[in-house]
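The structure under discussion appears below in the form of C-alpha cells.
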Amino acid sequence: MSNSEEDFNFAYLDEQTKRMIRRALIKAICIPGYQVPFASREMPMPYGWGTGGVQVTAACLQETDVLKVIDQGSDDTTNAVSIRKFFERVTGVKTTENTGKASVIQTRHRIPEQVLSEDQILVYQVPIPEPLRFLEPRETETRVMHALEEYGLMHVKLYEDISINGEISTAYAYPVKVNDRYIMDPSPTPKFDNPKMNFCSAIQLFGAGREQRIYAVPPYTKVISLDFEDYPFEASRAEKTCEICGATNTYLDEVVIDDKGTRMFSCSDSDYCNSQKS
Amino acid sequence: MEQILKAKAINKKFGDVYACNNLSIELYTGEVVGIVGESGSGKSTLLNCLSGSLVPDGGNITYLDRDNNWLDLLSLPEPRKRNLLRTEWAFVHQNPRDGLRMAVSAGGNIGERLMAIGYRNYSQIRAEATEWIEKVEIDAIRLDDKPSIFSGGMQQRLQIAKNLITKPRLIFMDEPTGGLDVSVQARLLDLIRSLVRELGLSVIIVTHDLAVARFMANRLIVMKNGKIVETGLTDQVLDDPQHSYTQLLVSSILKV
Ligand SMILES: Nc1ncnc2c1ncn2[C@@H]1O[C@H](COP(=O)(O)OP(=O)(O)OP(=O)(O)O)[C@@H](O)[C@H]1O
Ligand SMILES: [Mg+2]
Ligand SMILES: [Zn+2]
C-alpha cells in the first residue's frame, strides 16, 4: 500500500488532485474539443507560465516517461528550461530535446515539425481556452453556444478579419472544429501548425491554469480550420529558407543575429533544425 | 387571415406586482398590433413573455411556424426556441446596444444571422449585408464602421437590418423609436412601416406614444396595471375610446 501510494504521488501533485485532473482528462478525451472545468491548483510558478500545462503533464507523467519541454519551438528558453528543471526535480524522469525520443512533450506556441507517433502525448499550455470570448464575453452565453452548436459568431470574427485586412489575418490561435462538433482554440500556435492537429497519431491535451479548463483531441481525430468558401484556410509561413539547415517547409523565426540588426530566418523548432543540419 | 401567435391567460408576477394579469392576445399574419399604456403597466413584460425572453408564471403561448405547425412555446426545447429567434423571429430593442455587437462592424452585425444559419461564402454575405444596409438607408460606405460611431438613429436602423436579413415572419419591437429626436423618429417609423409591408411581417410593437401607435398599428391593446383595459382597431380606440383610462390617455396626448 505505502509503496503504491508513493508511486502514485510522484510528480508534485497530491493524489487527490492528480485523480481529479486525470478524471478531467478522460472526460476531455471522450468529448473531443469540449472544455472540461477543473479545480486548478497553485503551482510553484505564476499564471501565464504554463500552470495549466504543468498540471496536465504532472498528472500524465510516469517514471518511465521521457519529457521534452518547448517554448516557441525551442528547448532552451527560460520558460522551457524552468519547467523541464521543475519536472526533473519532482519526478526524476529523463528529459530530452529530441522530439522522437520524448513520450510526453509540453509545449507553448508550437507543434514540433517531426510527425508525432501513437506513443506520444503533446501537452499544450493554454492562456485563453474560449475561442468565442473575443465576441461574446459572457461565459454563460458561450457555454450555451457550445452546447447548442451555435457557432455563427466564430465566422463573424473571420468576417471581420477579411473586411478589415482583405484576408483572414488571424495568424495564431486560429479556431478549429474538432470531430465535426466542438469549436476549439488550439492555443496560440501559429496557424501553420493547425494541419498537424488533424488525424494526429499522438494524444493532444490542453491545460489552461488560470481559466481552469482542460480539453483534448484524441488520436486520429478530425480537426478542421474554419474558413469561408471564397477565403479558404491557408497554413501560411514565411516564404523563406532556413539559413541554418536549409529547410523550406518549416515554420521560421526571424532573429536578429548581431548588434547591427542583421536578421536571419531559421527554424523555430530548434531540435528539428539540428537534426536536419547533420 | 390566419393567426400566427396566440397567448392565453398569461400571468407574470414580480413579488407582489402583477406585471401581467391574465392576459390573452392573438396576432394575425401580416398584422401590426400595438401595445400601449403608461410606464409600468406591463407592456415590456408581456412582450418579453411572448418572445420567450421571460417565462410567465402561467398561461399558454402557441406560434404557427413556417411549416404550419402550431408550436407550444412554453414547452419548446431551448435549441428550437433559439433557432426560431434567429430565423423566423426578430426582436428590436429600444436600446440598440442590447441588439447590436458594438465591437463588430456594421457588416459583421448584419451578416451574423446569415453566418448563424450556415452561410459560408464571404462575398455573398457581404453582398447581402450591403443590400440591407442600403435598404435601411445607411450609406454602404459605412459597412466596415463600428456601430459605436453611428448616431442613435443609425444604430436603430442597423439593428433593424440585422434582424430582417433572414426574412423573419414575426417581429417584436419594444419602443423602437424611444430616445430618438422627433424628426429622426418619424423617418425611422416610415422605414419600419414600409419594410413591414414589403416583407408582410407580423408585428407586435410596444410604445407609450399614441402617435407612434396610430402610425404603425392596425390594432391596439391598451394596458393598465398589468391588465388589458381595451382592445380594438387603432382608429376606433383612439377616436372613440370606450374605457375611461383610454379616454384619459387620448385626451392627455391631445393636450401636448
Ligand atoms: N425584472 C423585474 N423585477 C421586478 N419587477 C419588475 C421587473 N420587470 C418589471 N417589473 C415590474 O413590473 C411592472 C411592469 O413593468 P414593465 O417593464 O413591463 O412596464 P412597461 O409597461 O414596459 O413600462 P415602461 O413604459 O416604463 O417601459 C412594473 O411595476 C415593474 O416595476
Ligand atoms: Mg417597457
Ligand atoms: Zn532549420
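The values are calculated or read from the model by the stated rules, or taken from the named source; none is laboratory data. Note that the coordinates shown come from a computational prediction; the quantities given were computed from them, not determined experimentally. Cβ atoms come from the backbone with ideal geometry, glycine included; neighbour counts cover every protein chain shown. The area values use the complete protein model at the heavy-atom level, side chains included, leaving out ligands, DNA and RNA. Shrake-Rupley method; radii C 1.70, N 1.55, O 1.52, S 1.80 Å.
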Probe 1.4 Å - accessible area at A:Arg19, Å² to nearest ten = 110 Å²
Evaluate the charge dipole of region B:98-167 about its Cα centre and quote only its size in Debye, nearest 20, assuming +1 on the Cβ of each Lys and Arg and -1 on the Cβ of each Asp and Glu.
-> 220 debye
Ordering A:Arg89, B:Arg126, B:Arg157 from largest to smallest accessible area (1.4 angstrom probe), what's the sequence?
-> A:Arg89, B:Arg126, B:Arg157
Tell me, in nm to one decimal, what length is gained between A:Thr140 and A:Gln62 on full extension, where the rule is 0.36 nm per residue of separation less the Cα-Cα distance?
-> 24.4 nm
Kirkwood Rh, Cα Rg: Rg to Rh for chain B?
-> 0.97
How much of the accessible area of region B:98-167, in percent, comes from carbon and sulfur atoms when a 1.4 Å probe is used?
-> 47 percent
Take the alpha-carbon positions of the protein assembly as shown, form their convex hull, and give its projected area averaged over all directions (one quarter of the hull surface) in nm².
-> 32.0 nm²
Largest-first ranking of B:Glu78, A:Glu63, A:Glu160, A:Glu239 by accessible area, probe 1.4 Å, whole protein assembly kept, is A:Glu239, A:Glu63, B:Glu78, A:Glu160
Given region A:138-201 reduced to its alpha-carbon atoms as identical point scatterers, what log10 I(q)/I(0) does the Debye formula return at q = 0.21 Å⁻¹?
-> -0.98
Accessible area in the full protein assembly, largest first, 1.4 Å probe, for A:Phe265, A:Phe206 = A:Phe265, A:Phe206
Return the calculated 222 nm mean residue ellipticity for chain A, to the nearest 500 deg cm²/dmol, obtained by summing -39500 (n - 2.57) across DSSP H runs with n ≥ 4 and dividing by the residue count.
-> -9000 deg cm²/dmol
Which lysines, on any chain, are close to A:Lys101 with Cα under 26 Å apart, when same-chain ones fewer than 8 places away are left out?
-> A:Lys18, A:Lys68, A:Lys85, A:Lys191, A:Lys196, A:Lys222, A:Lys277
Kindly report, to the nearest 10 Å², the accessible surface of A:Phe86 as traced by a 1.4 Å probe over protein heavy atoms only.
-> 30 Å²
With DSSP loop assignment and no more than 16 other C-beta atoms within 10 Å, the trypsin sites (Lys or Arg not before Pro) in region A:129-164 are A:Arg133, A:Arg138
Could you quote the convex hull projected area for region B:128-207, Cα atoms only and averaged over all directions, in nm²?
-> 5.1 nm²
Value of relative contact order over region B:1-134, rounded to a whole percent, pairs C-alpha under 8 Å and six or more apart = 18 percent
Number of Lys pairs (Cα under 15 Å; 8 or more positions apart or on different chains) in chain B = 12
Of the convex hull drawn through the C-alpha atoms of region A:96-255, the volume per residue in Å³ is 136 Å³
Taking only the alpha carbons of chain A, the radius of gyration and the largest Cα-Cα distance, Dmax, both in angstrom, are 19.0, 63
For the pair A:Asp14 and B:Met1, the simple spin-label estimate (label points 7 Å beyond Cα toward Cβ) gives in nm 7.0 nm
When Cβ neighbours within 10 Å are restricted to other protein chains, what is their mean count per residue of peptide B:116-124?
-> 5
Assuming a viscosity of 0.890 mPa s and a temperature of 25 °C, what translational diffusion coefficient in µm² per second does Stokes-Einstein assign to region B:1-46, Rh being the Kirkwood radius over Cα pairs?
-> 209 µm²/s
Would you mind giving the total buried accessible surface between chains B and A, with a 1.4 Å probe and ligands, DNA and RNA left out, rounded to the nearest 100 Å²?
-> 1800 Å²
Surface accessible to a 1.4 Å probe, per residue, for the residues of region B:128-256, Å² = 45 Å²
When you have a sec, figure out the Kirkwood radius of region B:115-166 from all distinct Cα pair distances and drop it here in Å to one decimal?
-> 11.4 Å
Per the charge dipole of region B:98-167 (beta-carbon charges, Lys/Arg positive, Asp/Glu negative, Cα centre), the residue among B:Met102, B:Trp132, B:Asn121 reaching farthest to the positive end is B:Asn121
May I ask you to give the solvent-accessible area per residue for region A:191-231, in square angstrom, as obtained with a 1.4 angstrom probe?
-> 34 Å²
Check each residue of region A:229-253 and keep those whose accessible area, probe 1.4 Å, is at least 50 Å² smaller with all protein chains in place than in the chain alone; give them in order of residue number.
-> A:Glu229, A:Asp230
Per the helix-only calculation at 222 nm, which mean residue ellipticity applies to chain B, given -39500 (n - 2.57) for every DSSP H run of n ≥ 4 and division by its residues, nearest 500 deg cm²/dmol?
-> -12000 deg cm²/dmol
Using label points projected 7 Å from each Cα along Cα→Cβ, tell me how many nm separate A:Glu42 and A:Met264, to one decimal.
-> 4.4 nm
Please give every one of the aspartates and glutamates within straight-line cross-link reach of A:Lys94, meaning a C-alpha to C-alpha distance under 14 Å, and leave out same-chain neighbours fewer than 8 residues apart.
-> A:Glu63, A:Asp65
Anyone know which of A:Leu135, A:Leu153, A:Leu67 comes out most mobile in the 10 Å Cα GNM of chain A?
-> A:Leu135
Could you state how much accessible area B:Leu73 has, in square angstrom rounded to the nearest 10, with a 1.4 Å probe and all protein chains kept in place?
-> 10 Å²
